[in-house]
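A quick write-up on the structure given underneath.
Each value in this text was obtained by applying a stated rule to the coordinates, not by laboratory testing. The structure displayed is predicted, hence computed values, not measured ones. Note that we place each Cβ from the backbone using ideal geometry, even for glycine, and neighbour counts take in every protein chain shown.
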Amino acid sequence: MSVIEITNLQKIYNPKKIPVHALNGINLSIEEGEFTAIVGPSGSGKSTLLNMIGGLDEPTEGKVIINGVDISTLSGRQLIDFRLKNIGFVFQNYSLLPVLTARENVEFIMQLQGRKKLEYKQRAEQLLEEVGLAERMDNRPSHLSGGQQQRVAVARALASKPKFILADEPTANLDSHSTNELLEMMLKLNQEENMTFIFSTHDQRVIDKARRVVSIVDGKIEEDIFTSNTVDLKESHEN
Amino acid sequence: MRSMQLGSYSNMIKNSVEAYSGYIQVHDSGYWENKSINRLLEDSDSLRSELTTNQAVKYVIPRLETFALAATENLSKGVAIIGTDPEAENHMTGIADKISAGKYITANSDGVLISEGLSEYLSLGVNDTLVLLGQGYHGTNAVGKFPVTGIIKLVNPQMNNNTVYMPLSLCQYYNGSNNMLTSLAIVLDSYESVAPVTSELKAKLGSEYEVMDWEEMQPELVQLIQSDNAGGIIMLGILYMVIAFGIFGTIMMMTIERIREFGVLISIGMQKVRLSVLIFFETLLIGISGLFISFIAGVPLLYYMHQHPIPLTGDAAKSIEEMGYEPIIPFSLAPEIFFTQGISILLIVLVCLFYPYFRLWYLKPAEALK
């Protein structure tokens with residue numbers, strides 16, 4: 001079943017002055033449980049595409065349909081609410097709230113959803129344990145390494161029980177050890193919980209692990225390859 | 001600054017009001033327009049009791065005021081005679097403390113007090129005799145010889161040059177106006193009681209009497225305060241502009257440096273309205289904390305300055321004294337100062353909130369996240 005259906009998606013910045021065609025008619029369908037890398041050189045339109053899928057920016061033309069809902073028909077308030085319920089975000093520079101602890105950062109999104117205290121407390125603990133941060137729950141982001149912060153960000157993204165997770169270059173600021181740990185964790189979530197991941201990346205190590213690689217050049221899909229990766233988590237860890 | 005300004009006004013009013021006029025005066029109808037010895041009111045118990053029923057009234061000072069020619073063997077001078085109840089007068093003006101020679105008069109004295117300037121001009125000392133020649137009640141001759149019981153130094157230079165105080169009964173006898181008064185001066189427990197007591201007395205006494213508050217009796221002082229206050233308000237406005245820019249700068253900086261954070265919050269699903277409420281309370285809390293800290297720091301200082309006004313010396317003190325005021329810079333602790341400043345700052349904070357709201361309302365998450 002398609003989680004995301006993208007039809008003839010176009011984005012033109014400065015359409016009246018000096019138009020910049022960031023996306024030129026993207027057609028893409030992403031199924032539930034996919035582990036998809038969107039790759040391409042800088043300025044190719046990867047981040048713009050992720051922003052369109054996440055409803056963070058409006059397309060000039062075309063449609064993004066998520067779980068059967070055309071998100072361009074939603075009002076500002078509805079769109080924010082839709083993101084809260086359906087999409088998990090992982091940002092390049094972690095973007096955790098610096099005054100909150102790891103636990104509170106994860107709880108925060110569930111508080112926005114209006115969940116009960118006992119429920120969000122238990123789930124935050126469970127998620128942080130899953131991402132390997134059981135011992136660091138009460139640390140503020142400034143007391144966590146980059147890799148640990150990104151794992152908190154993944155736990156936060158998962159906390160709202162989204163349909164899929166969008167990650168914009170999640171390993172860009174991480175060293176190779178942290179990159180491996182994060183990838184291992186994302187793959188585990190993908191395989192064990194069938195969580196759909198869509199991420200943009202430059203990192204060849206990440207691309208190598210992806211089961212689908214969508215290459216974008218000049219705002220167009222140049223290649224869309226389904227790899228034969230069935231990642232062995234143990235092997236991944238050893239690598 | 002405002003405390004000093006309002007403190008000065010209070011002091012000016014206190015000096016003027018408590019030095020002579022009282023907060024309210026009751027006269028015979030039309031006396032103030034035409035200050036004639038023939039427009040007198042009767043000093044009756046019923047009138048006195050009407051005046052003292054209000055709890056805010058502290059003292060009532062009966063006075064009979066007139067003019068005369070004061071003479072000695074070789075010199076004469078026009079003087080103002082104030083016949084008064086010495087005890088009540090002293091309660092209001094503390095006149096007994098201003099005696100520079102001799103002693104204060106009593107209700108039954110047959111002597112008078114003369115002001116220092118008059119004493120110097122007429123070369124009169126204690127126990128010398130002062131001759132007064134004037135017109136009494138309804139055309140009678142008012143002539144008398146009075147021993148000088150004491151000499152007083154009055155703050156007001158004009159009064160210091162031409163004033164004679166005498167006991168009320170003696171003054172009434174001198175004028176041939178037994179049991180008659182020109183005015184009943186009223187001292188109240190506070191400045192705030194002036195308006196209600198004036199209204200009450202006007203209603204109770206009717207048109208037979210003239211009830212005037214200090215503002216009606218001293219319009220020049222009111223004008224002086226109003227014009228000075230206008231300058232103070234302009235200064236205050238300039239200060240508020242500076243403060244407003246400071247607050248706006250802080251709020252603008254707080255907003256700009258957190259635009260990315262706002263972008264993250266909206267991206268992950270926080271409604272703008274909810275974030276606006278958060279920003280509102282955060283800014284309000286900062287504003288209230290700032291006010292609280294400034295009050296904590298400012299109130300003891302102002303209290304100290306209120307208790308220990310800055311004394312003026314030299315020529316500055318002399319010129320202030322010549323105007324009839326104490327040579328000090330007093331500070332006010334009036335609640336309105338704190339209330340007005342607090343409300344003004346909170347209003348500035350609330351107006352400055354438009355900036356983060358404007359930025360938040362038009363915030364595009366994709367741009368904020370760049």
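Counting only DSSP beta bridges with both residues in the protein assembly as shown, tell me the antiparallel percent, nearest 5.
Details: 65 of 92 bridges.
For the protein assembly as shown, the DSSP antiparallel bridge percentage is about 70.
Return the Rg/Rh ratio of the range B:245-330 with Cα-based radii and a Kirkwood Rh. Rg/Rh: 1.39. Quick one: pull the percentage of alpha-carbon pairs in the range B:20-217 with a separation above 20 Å. Here the long-distance tail beyond 20 Å is 54 percent of all Cα pairs in the range B:20-217.
The 3J(HN,Hα) values that the Karplus relation (6.51, -1.76, 1.60; θ = phi - 60°) gives for the range A:204-213 are, in residue order, 4, 5, 6, 4, 5, 8, 5, 8, 9, 10 Hz. Gly and Pro appear as x. Distance from the alpha carbon centroid of the range B:302-370 to that of the range B:218-255 works out to 8 angstrom. At full extension, B:Leu69 and B:Asn38 could sit 9.4 nm farther apart than now, given 0.36 nm per residue minus the alpha carbon distance. Look at where the Cα atoms of the range A:180-214 and of the range B:21-50 average out, and the two centres are 99 Å apart. Each Cα pair under 8 Å and six or more residues apart adds its sequence gap; the mean of these over the residue count of chain B is a relative contact order of 24 percent.
Within 10 Å of each Cβ in A:56-64, how many Cβ atoms from other chains are there, averaged over the peptide? Before the final figure, lay out the partial values.
Working: counts 9, 5, 2, 0, 0, 0, 0, 0, 0.
Per residue, the average neighbour count from other chains is 2.
Summarising the amide proton neighbourhood of A:Gly62: residues at separation of 5 or more, or on other chains, whose placed amide H is nearer than 5 Å comprise A:Gln10. Counting Cβ atoms of other protein chains within 10 Å of each Cβ in A:85-95 and taking the mean gives 3.
Taking the Cβ-Cβ separation of B:Val222 and B:Thr340 as r and a Förster radius of 25 Å, what is the calculated FRET efficiency to the nearest 0.05? Before the final figure, lay out each step's value.
Values: r = 20 Å, r/R0 = 0.82.
Calculated value: 0.75.
Between the helical axis of A:176-193 and the longest alpha-carbon principal axis of chain A there is an angle of about 80 degrees.
Let me check I've understood the local charge: for B:Ser29, count other residues with C-beta under 9 angstrom from its C-beta, Lys and Arg +1, Asp and Glu -1. What total comes out? Write down the numbers at each step before the final one.
Values: positive: B:Arg39; negative: B:Asp28, B:Glu208, B:Glu210.
Net of charged neighbours comes to -2.
Using a cutoff of 8 angstrom between alpha carbon atoms and counting only pairs six or more residues apart, the relative contact order for chain A works out to 28 percent. A Förster distance of 41 Å, applied to the separation of the beta-carbon atoms of B:Leu301 and B:Val273, puts the FRET efficiency at 0.45. Since only A:Gly68, A:Asn8, A:Thr48 are under comparison, the one whose Cα sits farthest along the positive direction of the charge dipole of the range A:1-102, derived from C-beta charges on Lys, Arg, Asp and Glu, is A:Thr48. Of the DSSP H helices in chain B, those that are both long (alpha-carbon extent of 27 Å or more along the helix axis) and hydrophobic (Kyte-Doolittle mean at least 1.0) are B:219-256, B:272-307. Based on the alpha-carbon gyration tensor of the range A:143-208 and its eigenvalue square roots a ≥ b ≥ c, which shape applies: rounded if a/c is under 1.5, prolate if not and a/b is larger than b/c, or oblate? Taking the square roots of the gyration eigenvalues as a ≥ b ≥ c, the range A:143-208 is oblate.
The helix-based estimate of mean residue ellipticity at 222 nm for chain B, built from -39,500 (n - 2.57) per DSSP H run of four or more residues and divided by its residue count, is -16500 deg cm²/dmol to the nearest 500. With θ taken as phi - 60° and the Karplus curve 6.51 cos²θ - 1.76 cosθ + 1.60 applied, the whole-hertz 3J(HN,Hα) list for the range B:143-159 is 9, x, 10, 9, x, 7, 7, x, 10, 10, 9, 8, 5, 5, x, 5, 5 Hz, x standing for glycine and proline.
Per residue of peptide B:267-277, the mean number of Cβ atoms on other chains within 10 Å of the residue Cβ is 6.
Of the trypsin sites (Lys or Arg not before Pro) found in the range B:185-272, those that fall in a DSSP loop while having at most 16 other beta-carbon atoms within 10 Å are B:Arg258. Counting only DSSP H runs of at least 4 residues, each contributing -39500 (n - 2.57), and dividing by the residue count of chain A, the helix-based mean residue ellipticity at 222 nm comes to -11000 deg cm²/dmol.
Based on the Cα atoms of chain B, what semi-axes does the equivalent ellipsoid have, where each is the square root of 5 times one gyration tensor eigenvalue, given in whole Å with the largest first?
Numbers: eigenvalues 752, 101, 45 Å².
Sorted largest first and rounded, they come to 61, 22, 15 Å.
Rounded, prolate or oblate, given the Cα gyration tensor of the range B:151-195, with a/c below 1.5 counting as rounded? Oblate, because a/c is 1.5 or more while a/b does not exceed b/c.
Viscosity 1.567 mPa s, temperature 4 °C: what is the translational diffusion coefficient of the range B:221-368 from Stokes-Einstein with a Kirkwood Rh over Cα pairs, rounded to a whole number of µm²/s? Can you show the working numbers first?
Values: Rh = 18.8 Å.
It diffuses with D of about 69 µm²/s by this estimate.
Other residues lying with their Cβ under 15 Å from the Cβ of B:Thr313 contribute a combined charge of -3, Lys and Arg counting +1, Asp and Glu -1. Under a model in which nothing but the beta-carbon of Lys, Arg (+1) and Asp, Glu (-1) is charged, chain B shows a dipole of about 1820 debye around its Cα centre.
Less than 5 angstrom separates the built amide H of A:Asn139 from those of A:Ala102, A:Arg103, all sequence-distant by 5 or more or on a different chain. Subtracting the Cα-Cα distance of B:Asn229 and B:Ser100 from 0.36 nm times their residue separation leaves 42.8 nm of extension gain. In a simple Cβ point-charge model (Lys, Arg +1; Asp, Glu -1; nothing else charged), the range B:20-217 has a dipole of about 460 debye relative to its Cα centre. For chain A, the Kirkwood hydrodynamic radius from C-alpha pairs, put into Stokes-Einstein at 4 °C and a viscosity of 1.567 mPa s, yields a diffusion coefficient of 71 µm² per second.
In this simple spin-label model, placing a label point 7 Å from the Cα along the Cα-to-Cβ direction at both B:His91 and A:Val217 gives a separation of 10.5 nm.
Using only alpha carbon pairs under 8 Å that are at least six residues apart, calculate the relative contact order of the range B:221-368 and give it in whole percent.
It comes to 40 percent, rounded to a whole number.
The reciprocal of the average 1/r between distinct C-alpha atoms defines the Kirkwood hydrodynamic radius, which for the protein assembly as shown equals 31.9 Å.
If you take every residue apart from B:Met235 with its C-beta less than 14 Å away from the C-beta of B:Met235, what net charge results, scoring Lys and Arg +1 and Asp and Glu -1? Could the numbers behind the result be given before it?
Working: positive: B:Arg2; negative: B:Asp228.
Residues close to B:Met235 contribute a combined charge of 0.
When the Gaussian network model of chain B links Cα atoms closer than 10 Å, the mean-square fluctuations of B:Ile268, B:Ile337, B:Ile61 top out at B:Ile268.
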